[in-house]
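Reviewing the structure listed below.
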Amino acid sequence: MKDSKKLGVNSICVHVGEVKDEQFKGAISPMYMSTSYAFDQVDVKRYPRYFNTPNQEALRRKIAALEHTEDALIFSSGMAAISTTLLAFLKKGDHILIQQVIYGGTYNFIAKEFEKYGIEYSYTASDKFEDFEPLLKPNTKIIYIETPSNPLLGITDIKATADLAKRKGIITMIDNTFASPINQTPADFGIDIMIHSATKYMGGHSDISAGAVATSKEFIELIWETAINLGGNLSDFTVWMLERSLKTLNLRVKEQTKNAQVLAEYLEGNLSIKKVYYPGLKSHPKHTIAASQMHGFGAMMSFELKEGIDAMEFQNSLQFIKPSLSLAGVESTILSPAQTTHALLSEEERLERGISDRLIRFSVGIEEPEDLIADIEQALLKIKKGHV
Ligand SMILES: *Cc1c(COP(=O)(O)O)cnc(C)c1O
């Protein structure tokens with residue numbers, strides 16, 4: 001086959017990293033469920049927790065090709081990928097600089113575990129990269145960013161962050177989950193390590209829990225040494241499911257992204273909506289930066305309902321847009337951050353973070369945009385008439 005770097009993205013999704021069916025010449029990858037392999041070659045000890053079963057090895061190539069990196073590893077969850085990678089690089093006395101707004105689970109992991117290991121950390125005051133440099137210390141080993149971020153779709157300047165880190169000899173890590181490799185390939189701008197919750201767009205059907213890290217061969221080797229000790233590998237059945245899902249990654253995400261732009265523009269023009277947060281809108285303060293670093297603006301957005309419209313009433317009035325804690329499936333889902341992900345904060349703390357009780361996070365699916373708009377219209381009408 002052609003060098004995977006020269007293949008189109010759909011061809012990578014379908015063909016790179018297949019396990020060849022030498023025996024029956026089937027069209028798809030056979031599933032190797034063995035947890036025990038003959039020890040007959042001195043240099044290959046195959047075992048699921050060594051991340052080198054046939055299905056894992058193949059899928060690692062597909063994810064690396066999608067992220068424009070040399071190699072990748074697949075984990076049992078996004079958090080397994082994040083925690084393993086951070087612990088592989090950080091030791092006692094090291095410092096990590098983290099962007100202000102990151103995924104809640106990552107925030108909790110750092111808050112709960114880092115002190116135990118004597119790892120220092122600080123958060124930036126905003127997602128403006130100008131705020132990053134003054135917080136760097138002589139012992140800063142990693143800068144960690146997440147863009148677009150949850151739930152207000154903040155945008156961090158990827159290239160400026162990578163350039164700053166390179167000047168200082170610091171490793172950069174990005175949580176690329178919200179964009180997916182279809183809408184953003186941060187390695188092109190010099191980011192060292194890309195992390196995914198493959199539970200989201202990579203899986204895409206709300207039926208797989210998985211994670212991935214994509215980076216250089218040298219870094220994968222280093223992460224692997226910690227990974228085999230922490231043991232967060234994915235079962236080969238789910239590896240196979242993930243390969244199947246990734247074949248349509250580009251088709252799904254492209255369609256979802258197209259729908260999201262239509263929905264964002266519709267919502268911005270709707271009198272019942274106070275504000276829409278979507279990097280594809282000109283009104284987004286970082287629209288230009290987003291346009292310079294994303295191939296598409298993604299399918300996640302948030303919007304704030306006008307005063308007097310209750311978020312829960314809105315959620316309960318929708319017919320097929322489902323309330324859901326997770327995101328990125330082919331089905332459209334919504335979530336009220338104030339009632340769920342940010343429920344433990346006080347109202348004041350939430351407002352400080354720009355999260356009003358009327359904020360709705362919207363994960364746009366592949367349904368026809370007219371149908372999604374009709375669902376929102378009928379929900380708003382029902383609330384206006386007081387028929388909820
Ligand atoms: C869901 C999510 C994670 C965590 O992934 P899990 O698969 O749930 O462990 C990390 N980062 C982001 C941005 C996420 O949305």
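The values are calculated or read from the model by the stated rules, or taken from the named source; none is laboratory data. This is a predicted model, so every value here is computed, not measured. Positions of Cβ are generated from backbone atoms using ideal geometry, with glycine treated the same way; all protein chains shown enter the neighbour counts. Ligands, DNA and RNA are stripped out before the accessible areas are found, and what is left, the full protein with its side chains, is counted by its heavy atoms. Shrake-Rupley method; radii C 1.70, N 1.55, O 1.52, S 1.80 Å.
Here the ratio of the Cα radius of gyration of the stretch 4-246 to 2.2 N^0.38 Å is 1.02.
Among the protein heavy atoms of the stretch 250-386, carbon and sulfur supply 55% of the accessible surface, probe 1.4 Å, non-protein parts ignored.
Placing unit charges on the Cβ atoms of the charged side chains and taking the dipole of the stretch 4-246 about its Cα centre, the candidate lying farthest along the positive direction among 129, 110, 198 is 198. Just tell me the longest site-free run in the chain, where the sites are chymotrypsin sites (Phe, Trp or Tyr not before Pro) in a DSSP loop having at most 11 other beta-carbon atoms within 10 Å. The reported range is 40-388.
Just checking the listed ones, 11, 197, 235: in the Gaussian network model of the chain with Cα springs under 10 Å, the one fluctuating most is 11. Would you mind telling me which residue in 162, 88, 291 has the biggest mean-square fluctuation in a Gaussian network model of the chain, where springs connect alpha carbons within a distance under 10 angstrom? It is 291.
Each Lys and Arg adds +1 at its Cβ and each Asp and Glu adds -1 at its Cβ; summed about the Cα centre, the stretch 250-386 shows a dipole of about 260 debye. Each principal axis of the Cα cloud of the stretch 279-388 was evaluated for its coordinate range; sorted largest first, these ranges are 45, 38, 25 Å. Computed from Cα atoms, the angle from the helix 104-117 axis to the main principal axis of the chain rounds to 50 degrees. Taken about its Cα centre, the stretch 1-142 carries a charge dipole of roughly 280 debye when the Cβ of each Lys and Arg holds +1 and the Cβ of each Asp and Glu holds -1. Positive end of the dipole of the stretch 170-302 (Cβ unit charges, origin at the Cα centre): among 224, 269, 214, the Cα lying farthest that way belongs to 269. Note on residue 45 and residue 135: the extension gain reaches 28.0 nm, defined as 0.36 nm multiplied by sequence separation minus the Cα-Cα distance. Taking a point 7 Å from the Cα of residue 313 along the Cα-to-Cβ direction, the residues of the stretch 268-286 with backbone N closer than 16 Å to it are 272-274.
Quick one: among 45, 254, 306, which has the greatest mean-square fluctuation in a GNM of the chain with alpha-carbon springs under 10 angstrom? So, out of 45, 254, 306, the one fluctuating most is 45. Extending 7 Å from the Cα toward the beta-carbon at both residue 112 and residue 235 defines two label points whose distance is 2.3 nm. Accessible surface of residue 246, taken over heavy atoms with a 1.4 Å probe and every protein chain present, rounds to 0 Å². Helix 217-230 and the longest principal axis of the C-alpha atoms of the chain enclose an angle of approximately 80°. Assuming charge only on the beta carbon of Lys and Arg (+1) and of Asp and Glu (-1), the dipole of the chain about its Cα centre is about 360 debye to the nearest 20.
In the chain, the DSSP-assigned H stretches of four residues or longer account for a calculated mean residue ellipticity at 222 nm of -11000 deg cm²/dmol, using -39500 (n - 2.57) per stretch and the full residue count as denominator.
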